[in-house]
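The numbers here are math on the coordinates, done by the rules we state, and not lab data. Because the structure is predicted, anything quoted here is derived from the model rather than measured. Every residue, glycine among them, receives a Cβ derived from its backbone with ideal geometry; neighbour counts consider all protein chains shown.
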Amino acid sequence: MEDILENKGEVKKKIPISLITIRSAKLFDIPYIMRIEQASFREKYPRGLFLTFLESNPDTFLVAEYNGKVVGYVMGYLRPDMEGHIMSIAVDPSYRGNGIGKALMIAVINKLFKKGARWIGLEVRVSNTIAINLYKKLGFKITKRIYSYYSDGEDAFYMVLTPEEWEKVNSG
């Protein structure tokens, strides 16, 4: 495995995506998920939320694992109106740039559409261009701007993926 120094001084681990396993999250994963959450977001979810989410959405709370270590997670769920929703996704900063976020998104999107989602939505900070670009590559479209969505006053984009767009992404 090769370490690459990025301009922020962080050591990035370069790994082949074929060595990443995507699986359902388990109770013992929660401390590792919380560490990734702490390293990734200004606004953090409390432990209880992860536990409740795991209990109510075991099929769509996924982790990415490398050499037995949780290096990313995604939380998706199906609303009563059959809208799929991506609540959170994050990858350990040391493992970013390896396609792990994309692999997690593909896995949860497939699960949500298989469960009958009519579309999938998510919110993303307008400043998070890396995530926005990934979501666009996966077929998501910006449908609206939500002003002052985050507690620090930053706006969010609401992005939507339809089954038709997902089919286009997968066929071309």
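Observations, loosely collected:
- Among Arg42, Arg125, sorting on how many other beta-carbon atoms sit within 10 Å of each Cβ, with the fewest leading, yields Arg42, Arg125.
- Rounded to the nearest 500, the helix-only mean residue ellipticity at 222 nm of the chain stands at -9500 deg cm²/dmol, with each DSSP H run of n ≥ 4 adding -39,500 (n - 2.57).
- Each of Ala131, Met87, Asn110 was placed along the dipole of the chain (beta-carbon charges, centred on the mean Cα), and the one lying farthest toward the positive end is Asn110.
- Among the chymotrypsin sites (Phe, Trp or Tyr not before Pro) within segment 13-83, those in coil by DSSP and having at most 16 neighbouring Cβ atoms inside 10 Å are Phe41.
- Extension gain, Asn128 to Lys69, is 18.7 nm, computed as 0.36 nm per intervening residue step minus the present C-alpha separation.
- Each Lys and Arg adds +1 at its Cβ and each Asp and Glu adds -1 at its Cβ; summed about the Cα centre, the chain shows a dipole of about 200 debye.
- Gyration tensor verdict on segment 2-171 (Cα atoms; rounded if a/c is under 1.5, prolate if a/b is larger than b/c, oblate otherwise): rounded
- Relative contact order (percent, whole number), the chain, Cα cutoff 8 Å, 6+ residue spacing: 17 percent
- For Glu165, Glu55, Glu65, order by how many other beta-carbon atoms lie within 10 Å, fewest first: Glu55, Glu165, Glu65
- At R0 = 30 Å, FRET efficiency that the Cβ-Cβ distance of Glu43 and Lys141 yields, to 0.05: 0.75
- For Leu62, net neighbour charge (Lys/Arg +1, Asp/Glu -1) across residues whose Cβ lies under 14 Å away: +3
- For segment 15-62 versus segment 111-126, the gap between their alpha-carbon centres in whole angstrom: 18 Å
- Helices assigned as whole DSSP H runs in the chain whose Cα atoms extend at least 20 Å along their own long axis and whose mean Kyte-Doolittle hydropathy is 0.0 or higher are found at 100-114.
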